[in-house]
Each structure stands twice: as C-alpha cells, then as structure tokens.
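The values are calculated or read from the model by the stated rules, or taken from the named source; none is laboratory data. What you see is a predicted model, and the numbers here were worked out from it, not measured in a lab. Note: ideal-geometry Cβ built from the backbone for every residue, glycine included; neighbour counts use all protein chains shown.
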Amino acid sequence: MSLQDLLPYSVALTIAAPGACAVLLGLYTLLTGRTPMEQTTAGLIRLSVLASFVGAGVIAFASTGRHEVDFGAWIRIGTYEVPVVFIIDKVAISFSLLAAALTGLVARFSTTYLHKERGFLRFFVLLGLFCTGTQLVSYGGALDLMFLGWELIGISSMLFIGFFHERNEPVRSSVRAFSIYRVCDAGFLFAIVVSHELLGSTRLTALEGAAALPVMEATTLALLFLLAAIGKSAQLPFSGWLPRALEGPTPTSALFYGGVSIHLGLFLLLRIWPVMEVAPVAKGIGVAIGLATALYANAVARTCSDAKGALAHATLAQVGLILAEICAGLTTLALVHLVGHAFLRVWQYLRAPNMIHDAHRTGLAASAREEGAPGSLGRALYASGLFRLRLDERIDRAAALFVALGRTLDSADRKLRGLFTAPEVNR
Amino acid sequence: MIQTVLAAATAAAMTLAPTLSTRKRTQVPLVLALTILVVAMAAAPDARTGFALAALTAALHAVGAWRASRAGGVAMLLAAVASAVAAVGAALGRMDIAFVASITAICIRAAVVPLHVGTTELCERAPGEQVRQLASLLTLVLVHVRFVADTPLAREAAQGLFFLGAMASLLPGLASLAQRDLKGLYRMTTMMHGGYLLCAVAAAGRGHHAAALFSALTLLLAVGGFGLVVTSLEERCGSVSLEGRGGRVGAFPHLACAFAVLGAAGVGLPATAGFVADDLLLHAAWEESVVATAALIIASVSLAIATLRGYSRVFLGPPVRSVAPDLLLGERVVIVGIIAVLLLMGVVPRLIIGDVT
C-alpha cells in the first residue's frame with residue numbers, strides 16, 4: 001500500500017475525528033446526565049485533534065500536486081448531486097495544517113487555563129466541532145461541504161463568545177456576531193444555489209467554468225461570495241462585531257479572531273478564485289473594502305485604551321491588507337501572509353494577559369501612550385477612530401427597521417387570531 | 001420501500017413521543033389509535049385509502065384538541081373535511097380535486113398563513129396534540145407525494161403555490177424577530193416552516209419529491225421536538241418571557257442544550273435533516289423564482305436570529321435558582337432520540353431519499 005492509497009483514510013480521519021468525539025461526548029452527557037471528568041474530556045478532544053493533525057501531515061506528505069478524493073454522493077436526485085468530494089492542494093494543506101496545529105496548541109493551553117472552570121466540557125465539545133468545521137472548509141471540494149464547515153465554525157464561534165453567559169455583555173456580543181454571520185452567510189447560501197444553476201455543479205472544479213459566464217452573472221456570483229467573506233473576516237461595514245467577540249475565553253479569542261476563523265473569508269476567496277478572477281468589478285470592490293478596513297482599523301487601534309481591543313484592530317488591519325492582496329491577484333503572497341499572520345496573532349492573543357505587565361516592566365506603556373496622542377493624527381480622523389465610525393449604531397438602525405416590520409406583522413397576526421379565538425390570548 | 005417504513009416509523013414514534021415524555025398518561029387509547037392510523041396511512045395502497053385515513057386521523061386530532069382549544073379543534077375538523085374531499089375526488093378519478101383538497105389540508109395543518117389560526121392555537125394550548133398532528137402530517141405529505149403530486153394541475157400550480165409558500169414563510173420569519181414570549185417564538189417557528197412545507201409540496205409537482213419529504217420531516221422532528229422542549233420548560237417555569245434574561249442554563253442545562261440543538265436544526269444546522277431540507281428546497285426554489293428563493297433565505301436568516309435571541313433571553317444571563325428538575329429520564333430519552341434521528345437523516349439523507357426520487 002502506497003502513501004497515496006492512504007489519502008481517503010487520512011482525509012476522513014482529519015475531518016471526522018474531532019467532530020465525532022465532540023458529538024459522542026455531548027450525547028453521552030445529555031443521555032446520562034453525568035459530566036465526564038476534566039482529564040477525560042480534554043484528553044479525548046486533544047487526542048482527536050492530534051489525530052486530525054497527523055492525518056493532515058500524512059496528506060501533506062502523500063500528495064503531490066492536486067488530488068481529488070471522491071467519496072461518492074451525499075445526495076443524488078436525478079441530475080442534482082451534492083458530492084462528498086475533497087480537494088487536496090497546497091492551499092488546502094496549508095490551511096488544514098495551520099488550523100489543526102493551532103487548535104491543538106490552544107487545546108493544550110486551555111486544559112490548564114480553564115481548569116475547574118464551569119463549562120469545561122462545553123468548551124472542549126465546541127473546540128472539537130470547530131476543528132471538524134475548519135477541516136471541512138479546508139478540504140471541501142464542493143461548496144455545500146464548505147458551507148457545512150463554515151456554519152459549524154460560525155455556531156461554535158457564537159457559543160464561545162457567549163461562553164461567560166452569566167454576564168450580559170458576552171451574551172449580547174454573541175447574538176450580534178451571530179446575526180452578522182447569518183446575514184452574510186445568506187450570500188454564501190445564495191452563491192451555492194446560483195453556482196449549481198449557472199455552472200451545473202457545486203464542485204470547486206466546476207467554478208473554472210465561470211470564465212464562460214456572462215460578465216454580469218460572474219460578477220453577481222463573485223459579489224455573493226465576497227459578502228460571505230467580508231462578514232466572516234469582519235471587514236467594513238461589518239467590523240463592529242470583532243472587538244466585541246473578545247468577550248470569550250482568551251484561548252478562543254486567539255484561535256478564532258487571531259488565527260483561523262478571522263481568515264476564513266480570505267480562504268474562501270482563495271478557493272473560489274476562478275470566479276473572482278473573471279469578475280473585475282468584484283475584485284475592485286474587494287480591494288477597496290480591504291484597504292478601507294486597513295485604514296479604519298489602524299485609526300481605531302491608535303485610540304484603543306485596552307490591549308485586546310488594540311490587538312483586534314491590528315488583526316483587522318492585516319486581514320484587510322490580505323483581502324486587498326487576494327483581490328489584486330497576489331494569491332500566493334496572500335497565502336503566505338495569511339499563515340504567518342495567523343501564527344503571530346495567536347501568540348500575541350495568548351500572551352495578551354501578560355502584555356500589560358510586560359509593558360510596565362519594560363517602560364513601553366509610556367511611549368505607547370505618547371504615540372496614541374491626538375496630536376499625531378488629525379482631529380477628525382481621531383474622532384472617527386475613537387467612535388469607530390459609529391458602525392454598530394448604523395447597523396442597529398438598519399436592524400431596527402426589520403424589527404419594526406416584524407412588530408407590525410405580529411400585531412396583524414394577533415388581530416387575525418383575535419377574530420377566531422378567546423380574548424385572553426390577545427395580549 | 002425502506003423510505004416508507006422509515007417515514008412511518010418516525011411518524012409513529014413522534015405520535016407516541018408526547019405521551020412517553022410526560023408522566024401524565026391521558027388519552028392513551030386515542031394516541032394508540034392515532035399511531036396505528038399513521039402507520040396504515042404510510043402504507044396506503046392508493047390515494048383513496050390514504051386520504052380517507054388522513055381524514056380519520058385529522059378527526060381524531062380534532063377530538064384530542066377540542067377541550068384545550070376550540071379553534072384548534074375546528075382547524076383539525078376542516079383538515080379532516082379537506083382530506084375526505086380528497087379521498088372522494090380520488091375515488092371518482094378526479095385527481096385535480098384530490099390535489100386541491102390535499103393541499104388545503106396540508107396548509108391548514110402546517111399553519112400556512114393565512115390558514116394558520118387554528119393550528120397555532122394548538123401550539124399554545126395543546127402542544128402534545130400539535131406534535132401528534134405534525135406526525136400524521138408527515139404521512140399525509142407522503143400520501144400527497146405518492147398519489148397526487150404528479151398530476152397536470154400540480155405541475156401548472158407549482159410556481160404560484162411556491163410563491164405563496166415563500167411569502168407565508170417570510171412573514172412569520174420577520175415577525176419572529178418581534179416576539180415577546182417563548183410561545184410566540186414557537187408559533188412563528190411553526191408558521192415559518194409551514195410556508196417552507198408549502199413551497200416543498202409545490203416543488204414536488206415538478207418532481208422535487210425529496211424536498212417535500214425532508215421539509216415535512218424537519219417540521220416534525222425539529223419543530224415538534226422544539227415544541228416538546230418549550231412545553232417541558234413551561235411546565236417547570238410557567239409562561240416564559242423573552243424580555244430580559246432568564247439565566248436558566250445552570251438550572252436546566254440539558255433543556256438548554258436540547259433547545260439550542262433543536263432550534264438550530266430548524267434553521268438548517270449542518271449535519272441535521274434541517275440542513276438537507278434547506279439545501280433541497282433552495283435548489284428547487286431557484287427553478288421556480290429568484291424572488292421566492294431570496295424570500296426563503298431571508299425568512300431562514302430572520303428565524304435563526306430570533307431563535308438565538310430566544311435562547312439567549314431564556315437561558316443566558318445572571319443565573320437563577322430553581323427547585324424544578326432538569327429533563328427527566330422519559331423526556332431525555334425522547335429528546336435524545338429526536339436529535340439522533342435528525343442527525344442520522346442529516347448525515348445519511350439517502351436513507352429517506354433513495355428511490356423516492
């Protein structure tokens with residue numbers, strides 16, 4: 001048996017191990033009502049993440065060039081098919097190894113960090129689901145499979161933000177982040193449907209047929225993907241959720257908003273590059289959004305009074321630059337930038353609790369304060385940074401319109417029900 | 001064959017679920033009769049028998065619902081009449097009449113706007129009966145797909161019905177954002193899925209049978225399961241408001257987990273039957289109308305946000321103490337069973353799709 005024969009098994013192991021472990025732990029707890037010991041929980045999830053990393057390593061060694069591993073069809077109805085197909089290439093391997101390595105490191109770090117914390121089991125179950133999600137996105141050779149992983153990451157991200165659920169602020173932040181995710185994910189969902197209808201399949205290889213599409217259709221498809229990407233990667237105008245997302249435990253802030261999740265939108269654009277390539281308008285918009293986010297984040301980072309907030313906006317600035325690189329066609333540079341940036345930020349986030357102590361010790365705090373003084377920036381720019389362009393308020397106002405419409409509809413429904421039912425129901 | 005058996009088994013199990021999950025053993029003969037009828041309906045050899053059994057089933061639901069909710073009972077009676085008309089139409093060979101009557105019965109029972117009033121009353125006042133009628137609705141959809149979904153009228157009416165279904169899901173989807181109590185959220189969830197089911201049944205007229213079956217299955221398992229969780233919670237806490245934060249996750253961790261999983265499955269959580277249903281339905285939607293596709297996606301997004309908001313308002317926040325127990329063994333077995341089936345259908349959808357296509 002050659003190494004290449006191991007590819008299907010390695011792909012299955014890499015993707016399924018952490019998720020299966022997490023689901024089993026969750027079902028066991030739900031069914032028996034007993035919570036497993038910390039050592040068991042952390043040990044099982046760490047082992048499954050290690051298995052995932054080893055699987056990714058085998059894939060990296062065994063594959064040369066681009067491979068497609070086909071497990072048949074998940075759904076097949078006439079000509080409609082959702083294939084279970086995985087693509088192995090340098091982009092997939094880079095992101096998969098990055099995600100598995102960082103998840104493993106964070107799992108190890110968190111075993112100590114969250115010792116005796118309520119929600120220890122919840123944390124590790126979510127971490128397992130997240131790991132499966134990232135691997136699905138990495139290797140997914142069909143848009144449906146990528147979306148599956150994409151959603152798993154979104155849900156685990158939202159639950160991590162609201163991890164300390166006794167406090168109001170984390171809960172509000174998690175609802176806000178999820179709402180923005182969901183709105184932008186609608187772009188991905190729509191893009192899947194459009195891809196199937198215009199290109200005949202949701203396989204990533206079918207996206208190469210985008211070159212034959214009329215410009216308008218290709219641009220629409222690319223813009224839908226771009227919407228999904230900017231939501232997940234917190235680009236303008238959806239940047240407001242990122243600093244709020246740091247309400248979760250520090251290790252997950254590192255993993256999600258420094259390492260993996262924040263770069264997921266960029267990875268999606270690398271994956272669907274054949275569509276972006278033939279849509280110059282979408283590329284132009286992507287470059288503009290990326291550069292605008294970089295400038296915005298830079299301005300905000302200079303006015304931030306908290307370490308994590310500054311770090312979040314520094315991350316955002318780099319992610320904006322990577323987005324601009326991708327949309328400018330510098331995809332290899334963007335991939336290298338992405339991987340390097342992810343490792344750096346995870347390290348910085350994990351060290352964030354010590355950062356202030358270090359700054360005091362080395363005297364950096366004073367210089368940092370001087371650097372951030374208003375005199376170094378224009379007054380207007382400083383105010384924009386300080387108030388973050390009032391992005392959240394603007395989004396809230398837009399959302400309020402939908403809620404008002406919902407209230408009107410609800411009121412109409414109550415009146416209709418009032419005609420047929422007893423009066424006490426009509427509150 | 002295996003698809004019919006699985007659908008029948010799921011429907012029968014869900015008919016028994018409300019009785020199994022509670023210690024109050026009321027209406028046991030009625031529930032047993034319903035279980036037998038549901039299985040017989042799934043195995044009906046022709047349209048006439050299938051719709052006649054559906055009429056009988058709906059009449060029994062009306063009996064079960066009457067004491068708790070007159071409006072719910074009347075709605076079930078109307079559904080029974082519609083099913084009886086479908087049976088007569090099928091017996092006379094007028095499949096167009098059977099199709100129209102069958103669609104009417106499905107709309108009433110799935111709470112499709114504006115025919116939703118009676119069924120949504122069941123959500124509020126007779127939640128157990130609502131789960132049971134959703135179970136027999138699955139087999140009614142199976143009968144519809146097997147016998148009347150391929151008529152010429154079904155093909156001609158598909159686009160119009162699809163558009164109506166999309167609007168019927170969009171309106172409650174948006175209204176779900178404004179709900180102030182948990183029952184209201186459950187009601188809107190049911191109505192939104194009713195619209196989805198109408199779309200899927202309409203799409204069955206153009207050959208998308210699997211979409212119809214999966215939508216009915218999701219309505220039964222995810223929304224029915226969600227209803228059981230809401231009922232269990234209200235038995236412990238009384239009426240649950242969505243104003244402020246409830247902080248109940250510490251007191252009821254398993255209830256919270258079940259609420260989150262079933263609520264999320266209803267809005268297309270990956271690896272559940274809900275995800276497959278959404279995927280199949282959106283594929284069918286594009287062939288009918290781009291506007292309808294957009295409406296369905298907006299409805300799903302709105303309901304997902306409302307469900308998370310509901311979860312955060314009910315379970316998260318400063319903890320409260322409660323002397324009431326978390327899910328009891330019977331409830332746990334039922335809920336875990338529902339989640340397991342949702343996962344199974346989501347991971348191996350071919351179990352249900354198979355030769356139905």
Taking region A:302-311 on its own, how many of its residues are of a type in the set (Gly, Ala, Ser) and free of Cβ contacts under 8 Å to residues at least 24 places away in the same chain?
2
Going through region B:200-215 in order, the residues found to be crowded, with 24+ Cβ neighbours inside 10 Å and assigned to a loop (DSSP other than H, G, I, E, B) are B:GLY205, B:HIS208
Mind checking whether some residue in region B:313-325 is part of a helix (DSSP H, G or I), among the aliphatic types (A, V, I, L, M) and facing chain A (nearest Cβ under 8 Å)?
no
Tell me the residue from A:VAL183, A:VAL287 that is out of contact with any His (no Cβ under 6 Å at 6 or more places or on another chain) and over 22 Å from A:LEU143 (Cα atoms), please.
A:VAL287
Considering only region A:170-184, I want to know if a residue exists there that is facing chain B (nearest Cβ under 10 Å), touching a strand residue (DSSP E or B) at 6+ places or on another chain (Cβ under 6 Å) and either outside any helix (DSSP H, G or I) or of a type in the set (A, V, I, L, M, F, W, C) (or both).
no
Only residues that are within 14 Å of another protein chain (Cβ to nearest Cβ) and in a loop (DSSP other than H, G, I, E, B): list them for region B:102-114, please.
B:ALA111, B:VAL112, B:VAL113, B:PRO114
Yes/no for A:ALA210 being assigned by TED's automatic domain parsing to the domain that holds A:ALA312 and at positive phi:
no
Hey, any hits in region A:386-402 for a residue that's at pLDDT below 80, under 21 Å from A:ALA288 (Cβ atoms), crowded, with 17+ Cβ neighbours inside 10 Å and not assigned by TED's automatic domain parsing to the domain that holds A:GLY104?
yes
Failed criterion for A:ILE230 (all others in (1) within 13 Å of another protein chain (Cβ to nearest Cβ); (2) surrounded by 22 or more Cβ atoms within 10 Å (Cβ to Cβ) hold):
(1)
Does region B:310-349 hold any residues that are touching a Phe, Trp or Tyr at 6+ places or on another chain (Cβ under 9 Å) and either surrounded by 15 or more Cβ atoms within 10 Å (Cβ to Cβ) or among the β-branched types (Val, Ile, Thr) (or both), and which are they?
B:GLY310, B:TYR311, B:VAL314, B:PHE315, B:ASP326, B:LEU327, B:MET345, B:GLY346, B:VAL347, B:VAL348, B:PRO349
A:ALA142 crowded, with 23+ Cβ neighbours inside 10 Å, of a type outside the set (D, E, K, R) and away from chain B (no Cβ under 12 Å):
no
Among the hydrophobic types (A, V, I, L, M, F, W, C), touching an Asp or Glu at 6+ places or on another chain (Cβ under 9 Å) and buried (at least 24 other Cβ atoms within 10 Å of the Cβ): is that true of B:VAL113 in this structure?
yes
By residue number, the members of region B:238-281 that are of a type in the set (Lys, Arg) and more than 7 Å from chain A (Cβ to nearest Cβ) are B:ARG248
Expected single match for away from chain A (no Cβ under 12 Å), in a helix (DSSP H, G or I) and at negative phi among B:LEU170, B:LEU174, B:LEU185, B:LEU197 is B:LEU197
Tally of residues being more than 20 Å from the chain's Cα centre (by Cα), small (Gly, Ala, Ser) and under 30 Å from A:GLU169 (Cβ atoms) across region B:280-327
4
Scanning region A:34-67 for residues that are surrounded by fewer than 15 Cβ atoms within 10 Å (Cβ to Cβ) and either within 14 Å of chain B (Cβ to nearest Cβ) or farther than 19 Å from A:ALA20 by Cα (or both) gives A:ARG34, A:PHE61, A:THR64, A:GLY65, A:ARG66
Is one or more of the residues making up region A:72-87 of a type in the set (Val, Ile, Thr), in contact with a Ser or Thr (Cβ under 8 Å, 6 or more places away or on another chain), at pLDDT 90 or above and closer than 25 Å to B:ASP279 by Cα?
yes
Name the pairs whose Cβ atoms lie under 9 Å apart, with the first residue in region A:406-427 and within 7 Å of another protein chain (Cβ to nearest Cβ) and part of a helix (DSSP H, G or I), the second at pLDDT below 85 and surrounded by fewer than 13 Cβ atoms within 10 Å (Cβ to Cβ), and 6 or more positions between them or separate chains?
A:ARG417/A:ASN426
Selection from region A:276-326 of residues that are at pLDDT below 90 and of a type in the set (Lys, Arg):
A:ARG302, A:LYS308
Considering every residue within region B:290-305, establish whether at least one is modelled with pLDDT under 85, out of contact with any Lys or Arg (no Cβ under 7 Å at 6 or more places or on another chain) and buried (at least 23 other Cβ atoms within 10 Å of the Cβ).
no
With the structure loaded, tell me whether B:LEU78 is modelled with pLDDT under 90, assigned to a helix (DSSP H, G or I), out of contact with any strand residue (DSSP E or B) (no Cβ under 9 Å at 6 or more places or on another chain) and surrounded by fewer than 24 Cβ atoms within 10 Å (Cβ to Cβ) or whether it fails that test.
no
Residues that are touching a residue at least 60 places away in the same chain (Cβ under 8 Å) and more than 15 Å from the chain's Cα centre (by Cα), drawn from region A:312-338:
A:HIS313, A:ILE326, A:THR331, A:ALA334, A:LEU335
Of the listed residues (B:THR231, B:THR190, B:THR218), the one being surrounded by fewer than 24 Cβ atoms within 10 Å (Cβ to Cβ), of a type in the set (Ser, Thr, Tyr) and in a helix (DSSP H, G or I) is B:THR231
Return the residues of region B:283-312 that are more than 8 Å from chain A (Cβ to nearest Cβ) and β-branched (Val, Ile, Thr); say none if nothing qualifies.
B:VAL290, B:VAL291, B:THR307
Which residues, counting only those in region B:20-48, are in a helix (DSSP H, G or I) and within 28 Å of B:PRO349 (Cα to Cα)?
B:LEU20, B:SER21, B:LEU34, B:THR35, B:ILE36, B:LEU37, B:VAL38, B:VAL39, B:ALA40, B:MET41, B:ALA42, B:ALA47
Where residues in region B:115-134 are part of a loop (DSSP other than H, G, I, E, B) and within 20 Å of B:LEU185 (Cβ to Cβ), which of them is farthest from the chain's Cα centre (by Cα)?
B:ALA126
